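Down below is the structure, laid out as structure tokens.
The values are calculated or read from the model by the stated rules, or taken from the named source; none is laboratory data. Note that the structure is a prediction, hence the values are computed from the model and not measured. In this analysis, Cβ positions are derived from the backbone assuming ideal geometry, glycine residues included, and neighbour counts consider all displayed protein chains.
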Amino acid sequence: MAIKVYKRNTAGRRNMSVIKPEQISRSTSEKSLTVKMNYKAGRSAGKISVRHKGGRTKRLYRMVDFRQDKLDIPGNIAAIERDPNRSALIALVHYADGEKRYVLATSKMKVGQTIITAKNAPIEDGNRLQLKNIPSSTVVCGVEFVPGKGVQMIRSAGNGALIMAVEDGYAQLKMPSGEIRIVNAEGYATIGQISNFEHSARRIGKAGRARHMGKRPAVRGSAMNPVDHPHGGGEGKQGVGLKYPKTPWGRPALGVKTRKKSKVSNKFIIKSRHKK
């Protein structure tokens, strides 16, 4: 993994950096596995529903195989590529039956490596098997929360969950946030950690680069007028000036619990990430 830091020639270049993972083997995508993307930029019926989104460099969507349901068919890693739609790298897999698919790449995945999805596959990086067949203290990623539904958890750059124990049909996972939760042991998971772990070390550096990513400017509430935001108004630089911080729509913000108390998956959480 290499981080390129630009010379401080201009204000925009100062502190700018890009991530250049050594795993990447090619810069072009597989044409048969890409489709055109429609980008609506946070708008619904032409009106802004999510602020600070708009513009962006055109990109193609890579059809990543999150189910990885080709059981007992080995596949060869033909290439590892960057995906503009996600933080993790993706791997192009050529299966023995001639089919090509994209999968999420793990940190140790290499071109030429053979991977397989099976109920009881070998415990090797990149292989995918059921949680009940994975030994404790193993780092996994791409976990199924509902068996057969495909990867739902642990799929962003650098993430990995630690298997604490497997008992009574459930696997106890220590999530990247520190939360401990139970997951159906019949579900599949991939051995290893998601690739591109230094993604968070990237420094955008200048506003123009953020605009290429589809991020429009965000104005501070304290810089607005009282009619526009709860934090607005006042002479000079003022604080929040309220009992507690609020969003522009008057809802509590900063440190307020937003998770629903009646959420179905609450019963699967053994230890919350908020409790030390």
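Overview of values
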| quantity | calculated |
| --- | --- |
| Test: residue in the stretch 242-261 that is in contact (Cβ under 8 Å) with a residue 24 or more places away in the chain and either outside the structural domain of VAL143 (by TED's automatic domain parsing) or within 30 Å of ILE116 (Cα to Cα) (or both) | yes |
| The stretch 1-15 - residue that is over 22 Å from the mean Cα position of the chain (by Cα) and among the aliphatic types (A, V, I, L, M) and, of those, farthest from ALA210 (Cα to Cα) | VAL5 |
| One residue from GLU81, GLU99 being surrounded by fewer than 19 Cβ atoms within 10 Å (Cβ to Cβ), at pLDDT 95 or above and assigned by TED's automatic domain parsing to the domain that holds SER156 | GLU99 |
| Residue under evaluation ILE80, criteria (1) part of a strand (DSSP E or B); (2) over 19 Å from GLY142 (Cβ atoms), criterion not met | (2) |
| Some residue of the stretch 267-276 being touching a Gly at 6+ places or on another chain (Cβ under 8 Å) and over 30 Å from ASN127 (Cα atoms) | no |
| Some residue of the stretch 74-90 being of a type in the set (Gly, Ala, Ser), touching a residue at least 60 places away in the same chain (Cβ under 8 Å) and over 29 Å from ALA189 (Cβ atoms) | no |
| Residue within the stretch 100-109 that is assigned to a loop (DSSP other than H, G, I, E, B), in contact with a Phe, Trp or Tyr (Cβ under 9 Å, 6 or more places away or on another chain) and over 13 Å from GLN68 (Cβ atoms) present | yes |
